[in-house]
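Data block below; observations after.
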Amino acid sequence: MKKYFYLIKIQYLGYRFHGWQKQPNVKTVHLMVDRTLNFILEGKYFKSLSSGRTDAMVSAESAAFELFLRAPIVDLKDFLALFNHNLPQDIRALDIVEVDAGFNIIQSSKIKEYLYLFTHGEKCHPFCAPIMTTILDDLDIALMKKGAKLFEGTHNFKAYCFRPTDNGIYQREVLCCELVENTVYTASYFPKDTYFLRVKGKGFMRNQIRLMMGTLIDLGKGNITIKSIEESLLPNYDEQMNYIAPASGLILHSVEFQ
């Protein structure tokens, strides 16, 4: 039987979800997406596969999943509107395009860009909590900017992987890593000065970016030095960074398929 393939881009606020992947007895983004698809497709066959997983409370500005059907979608614009009408208010479909059978959302080469949004030094409005991490200590932002650039390039990131094993592949390339003033997300209740860590690459390990961010926070607090980060990226370094920054500040900003 012929199948039809569609690439759908979505965005979601992850604060009330236990990540993307379906899990027993908890609410996940994939669960809500599939429930909605099952409803609008009236129980007809479908399958959905994501371009990657996000952890609990992590949000996405532009994520993607592939939809497999046994009957074609007659009008993509109408389908997108119907999908959005029935999705929860913290999930929105952005776009849908038909792709051919050769496209594989898991194996296709892709570049992901993450932003980690944070502020420091003062207690923030509670409405900030879903997308921004607040560090109450003062941070040396200039030093953190220098530290962030050390992650760029190809390095041994074993120290930045949650529960690594002895047979994992930990040499990864980070295409961009910079800490900059936040100009992307604004709100009247945000504090005056907010920042984000921008990280771009082809693939990241579990909690890698949150461990990188946690290390930069430790650097900004004066708990570690620039030399500590340099040493952590050397080929034979065999210790673990242990500060995983909170999940709610992490946002999957974009996924580019090559």
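Step by step: first the residues of region 60-118, then only those that are hydroxyl-bearing (Ser, Thr, Tyr) and in contact with a helix residue (DSSP H, G or I) (Cβ under 8 Å, 6 or more places away or on another chain), then the one that is farthest from Asp34 (Cα to Cα). Which residue is that? The extreme case among them is Tyr116.
To keep it simple, each residue is scored yes or no on (1) at pLDDT below 95; (2) acidic (Asp, Glu); (3) within 21 Å of the chain's Cα centre (by Cα).
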{"site": "Glu178", "(1), (2), (3)": "no, yes, yes"}
{"site": "Asp193", "(1), (2), (3)": "no, yes, no"}
{"site": "Ile229", "(1), (2), (3)": "no, no, no"}
{"site": "Ala245", "(1), (2), (3)": "no, no, yes"}
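In region 36-45, which residues are free of Cβ contacts under 8 Å to residues at least 40 places away in the same chain and either closer than 15 Å to Leu87 by Cβ or under 11 Å from the mean Cα position of the chain (by Cα) (or both)? So that I can check it myself, show each step before the final result.
Taking region 36-45 as the starting set, the residues that turn out to be free of Cβ contacts under 8 Å to residues at least 40 places away in the same chain are 38, 41-45.
Once the filter is applied, which keeps residues that are free of Cβ contacts under 8 Å to residues at least 40 places away in the same chain and either closer than 15 Å to Leu87 by Cβ or under 11 Å from the mean Cα position of the chain (by Cα) (or both), region 36-45 yields Asn38, Leu41.
Which residue is surrounded by the fewest Cβ atoms within 10 Å (Cβ to Cβ), if the candidates are limited to region 65-75 and must be in contact with a Phe, Trp or Tyr (Cβ under 8 Å, 6 or more places away or on another chain) and aliphatic (A, V, I, L, M)? It comes out as Ala71.
Output yes when any residue across region 225-241 is in a helix (DSSP H, G or I), in contact with a Phe, Trp or Tyr (Cβ under 9 Å, 6 or more places away or on another chain) and buried (at least 19 other Cβ atoms within 10 Å of the Cβ), and no when none is.
To start, the set of residues in region 225-241 that are in a helix (DSSP H, G or I) comprises 226-232.
Adding the requirement that they be in contact with a Phe, Trp or Tyr (Cβ under 9 Å, 6 or more places away or on another chain) leaves 229, 231-232.
Retained after the next criterion (residues that are buried (at least 19 other Cβ atoms within 10 Å of the Cβ)): 229, 232.
Yes, there is a match, as at least one residue in region 225-241 is in a helix (DSSP H, G or I), in contact with a Phe, Trp or Tyr (Cβ under 9 Å, 6 or more places away or on another chain) and buried (at least 19 other Cβ atoms within 10 Å of the Cβ).
Among the residues of region 111-134, the ones that are surrounded by 17 or more Cβ atoms within 10 Å (Cβ to Cβ), of a type outside the set (Ser, Thr, Tyr) and assigned to a strand (DSSP E or B) come to 6 in all.
Working carefully through the options Ala71, Ala129, Ala63, find the one that is within 20 Å of the chain's Cα centre (by Cα), touching a residue at least 24 places away in the same chain (Cβ under 8 Å) and not assigned by TED's automatic domain parsing to the domain that holds Arg210. Spell out how you get there, then give the answer.
Details: Ala71 fails: within 20 Å of the chain's Cα centre (by Cα); Ala129 fails: not assigned by TED's automatic domain parsing to the domain that holds Arg210.
Answer to the check: Ala63.
Take region 140-149 and flag every residue that is buried (at least 20 other Cβ atoms within 10 Å of the Cβ) and among the hydrophobic types (A, V, I, L, M, F, W, C).
Hits for region 140-149 are Met144, Ala148.
When the criteria are applied in full, Asp55 fails the requirement of being touching a Leu at 6+ places or on another chain (Cβ under 9 Å), loosely packed, with under 13 Cβ neighbours inside 10 Å, in contact (Cβ under 8 Å) with a residue 40 or more places away in the chain and not assigned by TED's automatic domain parsing to the domain that holds Val199. Cβ separations smaller than 8 Å between residues 6+ apart or across chains give the following pairs from region 77-100 residues that are assigned to a helix (DSSP H, G or I) to residues that are aromatic (Phe, Trp, Tyr) and surrounded by 12 or more Cβ atoms within 10 Å (Cβ to Cβ): Asn86/Phe39.
Candidates Gln258, Gln208: the one that is polar (S, T, N, Q) and over 14 Å from the mean Cα position of the chain (by Cα) is Gln258. What residue, among those in region 1-51 that are at positive phi and of a type in the set (Gly, Ala, Ser), is surrounded by the fewest Cβ atoms within 10 Å (Cβ to Cβ)? Among residues in region 1-51 that are at positive phi and of a type in the set (Gly, Ala, Ser), the one surrounded by the fewest Cβ atoms within 10 Å (Cβ to Cβ) is Gly43. Among the residues of region 1-46, the one identified as β-branched (Val, Ile, Thr) and at pLDDT below 95 is Val26.
The values are calculated or read from the model by the stated rules, or taken from the named source; none is laboratory data. Keep in mind it's a predicted model, so treat the numbers as computed, not measured. Reconstructed Cβ throughout: ideal geometry from the backbone, glycine too, with neighbour counts over all protein chains shown.
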